[in-house]
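I have placed the structure first, in the form of structure tokens, so that the comments after it can refer back to it.
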Amino acid sequence: MKFQDIFVPRWQNSNPETRIKAVMRLNDKKLLSQIVEMDEDDRVRSTAREKLAELKAEGKKVTA
């Protein structure tokens, strides 16, 4: 862990595993889209893409 990691949100942590865990907890579609576009790690981008798809699918569910 880098010293700067203490001061940034977990989705900006220097460790990709920490960022993946943080992404799985996010519900902000705009932020997830930014992570998909900008994160340097393929696994983080993939996780963000999957979470974004999950949130979009949940938004389309019709409740009776």
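The values are calculated or read from the model by the stated rules, or taken from the named source; none is laboratory data. Predicted model, so just to flag it, every value in this text is computed and none were measured. Heads up: the accessible areas ignore ligands, DNA and RNA and are worked out on the full protein's heavy atoms, side chains in. Shrake-Rupley method; radii C 1.70, N 1.55, O 1.52, S 1.80 Å.
For the chain, find the longest principal axis of its Cα atoms and tell me its angle to the long axis of helix 16-25, 0 to 90°, nearest 10. In the chain, helix 16-25 runs at an angle near 30 degrees to the longest axis. Using a probe of 1.4 angstrom and keeping all protein chains present, the accessible surface of the chain works out to 77 square angstrom per residue. Across the chain the C-alpha pair distances fall into 10 Å bins from zero in the proportions 23, 48, 20, 7, 2 percent.
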